[in-house]
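This report concerns only the one structure given below.
The values are calculated or read from the model by the stated rules, or taken from the named source; none is laboratory data. Here the structure is a predicted model, which is why all the values come from computation and not from measurement. Methodologically, a virtual Cβ is constructed for each residue, glycine included, from the backbone with ideal geometry; neighbour enumeration extends over all protein chains shown. The area values use the complete protein model at the heavy-atom level, side chains included, leaving out ligands, DNA and RNA. Shrake-Rupley method; radii C 1.70, N 1.55, O 1.52, S 1.80 Å.
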Amino acid sequence: MILSRRLQERRQEAGLSLEQAARSLRVTPLTIRRLEKAEVALKPLYVEKLLQTYGAGPREIDEFCALAEQANEPGWWYPYRDVLPGWFKAYVSLETGARALRTYEPHYVTGLLQTPDYVHACLRGGFPNESEDALAQRVELRLRRQALLEREDAPTLWVVMEEAVLHRQVGSAAIMRAQIERLLEANELPHVSVDIVPFSAGAHVGACAPFTYFRFAESELPDIVYSEILSAAVYLDQRADVSAHLEAHNRLSLLTSTRESTALLNRMRKEYT
């Protein structure tokens with residue numbers, strides 16, 4: 001995404017239109033637009049030709065092409081591609097590179113804080129016809145994503161969940177108890193916050209689909225919001241859309257507190273004894 005934005009800036013600095021850039025590659029302007037939006041891989045040959053057209057020098061071209069080759073290398077999740085939906089691949093990439101994540105979860109514990117048993121029960125419910133081997137791959141992928149929070153440069157994670165998540169029994173009572181204990185432990189980490197919106201909050205702005213907000217350290221990357229439905233997802237980067245979700249997350253957090261959330265988690269833990 002960063003390289004694509006830089007490629008766009010280089011074209012604009014050269015004063016060339018999409019149509020003019022497209023003629024240099026003998027492609028359509030749509031192809032150039034997709035390259036600049038990171039919707040397709042940056043082919044080094046395309047990059048080299050475009051930068052030559054934009055008046056870049058040999059050193060800049062070599063450095064850019066080397067970075068493009070690195071950007072095209074498969075991510076750590078490549079071995080799981082058979083069980084990773086195409087619309088979710090970008091999510092894993094964004095999650096890996098984010099500096100801060102905010103999530104809203106009305107149905108389930110957020111994936112980054114799920115215990116192995118909760119993951120298995122959750123995915124078995126979501127994929128009832130999946131083979132055990134494929135299900136094991138899905139479980140392993142989700143658990144590997146959690147290593148993100150153990151890195152030295154771990155991002156901050158702010159989770160807002162509905163109380164309904166704690167009442168939806170996923171697996172056995174023992175699994176739910178262990179999952180709630182995991183949430184209590186996570187809330188003690190300096191870079192993780194878990195807020196539970198109680199039923200008593202009534203109607204509120206967050207009564208919608210789950211979403212995740214990403215912020216990145218790189219200034220070239222915009223804030224992005226991800227939301228999904230049953231078989232697809234949307235990635236929003238327009239300022240109005242992102243701001244609306246960020247405001248919703250802020251408003252949701254005002255409906256509870258760390259002390260109240262901890263007390264609610266402790267009460268629910270006792271319910272599953």
Inset, instruction - Looking for whichever is in contact with a helix residue (DSSP H, G or I) (Cβ under 6 Å, 6 or more places away or on another chain), of a type in the set (Phe, Trp, Tyr) and either assigned to a loop (DSSP other than H, G, I, E, B) or within 30 Å of Glu228 (Cα to Cα) (or both) here; the options are Tyr80, Tyr91. Which one fits? - result: Tyr80
Inset, instruction - Please indicate, with yes or no, whether at least one residue in the stretch 179-194 is over 26 Å from Glu152 (Cβ atoms), in contact (Cβ under 8 Å) with a residue 60 or more places away in the chain and in a strand (DSSP E or B). - result: no
Inset, instruction - Would you please name the residue that is farthest from Ala178 (Cα to Cα), looking only at residues in the stretch 252-268 that are open to solvent by 80 Å² or more (accessible area, probe 1.4 Å) and modelled with pLDDT of 95 or more? - result: Glu260
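Residues being assigned to a helix (DSSP H, G or I), farther than 25 Å from Val234 by Cβ and either modelled with pLDDT under 90 or open to solvent by less than 50 Å² (accessible area, probe 1.4 Å) (or both): count how many of those fall in the stretch 11-44.
Residues meeting the conditions: 6.
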Legend entry - Every residue from the stretch 161-213 that is of a type in the set (A, V, I, L, M), closer than 25 Å to Ala100 by Cα and at pLDDT below 95: Val205, Ala207, Ala209
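Before we move on, is Leu67 crowded, with 17+ Cβ neighbours inside 10 Å and in contact (Cβ under 8 Å) with a residue 24 or more places away in the chain?
Taking the combined requirement at face value, the residue does not satisfy it.
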Inset, instruction - Spot the failing condition for Trp158; the list is (1) over 18 Å from Val92 (Cα atoms); (2) at pLDDT 95 or above; (3) not hydroxyl-bearing (Ser, Thr, Tyr), and only one is missed. - result: (1)
Inset, instruction - Would you be able to tell me the number of residues in the stretch 83-132 that are out of contact with any strand residue (DSSP E or B) (no Cβ under 9 Å at 6 or more places or on another chain) and aromatic (Phe, Trp, Tyr)? - result: 2
Legend entry - Restricting the stretch 139-173 to residues that are of a type in the set (D, E, K, R), in contact (Cβ under 8 Å) with a residue 40 or more places away in the chain and open to solvent by 40 Å² or more (accessible area, probe 1.4 Å), the residue that is nearest to Glu188 (Cα to Cα): Arg144
Legend entry - Check on Glu48, at pLDDT 90 or above, surrounded by fewer than 14 Cβ atoms within 10 Å (Cβ to Cβ) and within 24 Å of Leu221 (Cα to Cα): no
Legend entry - Answer residue from the stretch 236-251, given it is under 17 Å from the mean Cα position of the chain (by Cα) and either outside any helix (DSSP H, G or I) or in contact (Cβ under 8 Å) with a residue 24 or more places away in the chain (or both) and is surrounded by the fewest Cβ atoms within 10 Å (Cβ to Cβ) among those: Gln238
